[in-house]
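Below is one structure, written out as structure tokens; comments come after it.
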Amino acid sequence: MNKRKLARLYFIVTMIFIISGCTLLLPFYGVKSPRFESINKQKEILSKYNCDTSNLYFIDTNYYDSLDYNEKYAINTYKLKKGAGASAIQLRMYNSQGAFTSGWSQCFGKADRHRIFDSVPFLNNKDLPVNQKLSLQNDLKMFQVSEEKRKQILSEARNHDYTIVLIWVGYAGVFTKRTLRNLSQYQEENPEHDFFVLKMNLTARYHYE
């Protein structure tokens, strides 16, 4: 198979993942039923993959659907147009002024295959349907914190080279493990850069179920 055919096949497979919301193969990736993950549980999961356990937050459930259907918050423009659901695992990177530099979503396929972690900031792969209109200020609106705390976080972000927003759940099996390992390794391999990593867990909606 020549390179052109391989590239075409790879594109088709990638689009199937994006269109389907990754649901076709989820059972084979160790994805468990959605469940609430307490702060202690989050720390346990993060520690397992050598990730820092500070700056842990829950999503404000009033914004949960915004990840799916609102252009200010949704990272996947293709799924946004189609009205499909958002991926549970996402990475968004912003510069010290809070401007979007690059991002990745679980349903784009393996981040290292797209070479997302090959540069600082993350590689902004123009071949992926990434929403370039995202901003740190809008992302922080989704955090389940007071307005005062939100302003404090935004102010602190200005003191760092880059802010990474990890949107995540622990029950996403291989997708969670791979992302946490990649993120930890990325920070270790780029010690000359000051990263401010904020983790927003999506399981708040299951707290009282």
(request) Send over a whole-number figure in Å² for the accessible area per residue of segment 42-172, probe 1.4 Å. (result) 46 Å²
(request) Check each of the trypsin sites (Lys or Arg not before Pro) in segment 135-203 and keep only those in coil by DSSP with at most 16 other C-beta atoms within 10 angstrom; list them in order. (result) R158
(message) What distance in nm lies between label points placed 7 Å from Cα along the C-beta direction at R113 and K177?
(response) 1.7 nm
(message) If I compute solvent accessible area with a 1.4 Å probe over the protein chains, what percent of it on segment 34-155 is carbon and sulfur?
(response) 43 percent
(request) Taking a cut-off of 21 Å between Cα atoms, list the lysines near K81, but don't count ones fewer than 8 places away on the same chain. (result) K72, K126, K133
(request) Note down the net charge around L46, summing +1 for each Lys or Arg and -1 for each Asp or Glu among other residues with Cβ under 15 Å from its Cβ. (result) +3
(message) Straight-line reach from K177: which lysines fall under 17 Å, measuring Cα to Cα and dropping same-chain residues less than 8 apart?
(response) K32, K41, K43, K48, K110, K199
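Contact order normalised by length for segment 43-117, with contacts defined as Cα pairs under 8 Å and 6 or more residues apart; what percent is it? Write down the numbers at each step before the final one.
Working: 63 pairs, mean separation 12.2, N = 75.
Result for segment 43-117 is 16 percent.
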(request) Scan segment 175-209 for chymotrypsin sites (Phe, Trp or Tyr not before Pro) in coil per DSSP, keeping those whose Cβ has at most 14 other Cβ atoms within 10 Å, and list them by number. (result) Y208
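The values are calculated or read from the model by the stated rules, or taken from the named source; none is laboratory data. Computed from a predicted model, the values in this text were never measured in an experiment. Every residue, glycine among them, receives a Cβ derived from its backbone with ideal geometry; neighbour counts consider all protein chains shown. Protein only, heavy atoms only, side chains kept; ligands, DNA and RNA dropped before computing areas. Shrake-Rupley method; radii C 1.70, N 1.55, O 1.52, S 1.80 Å.
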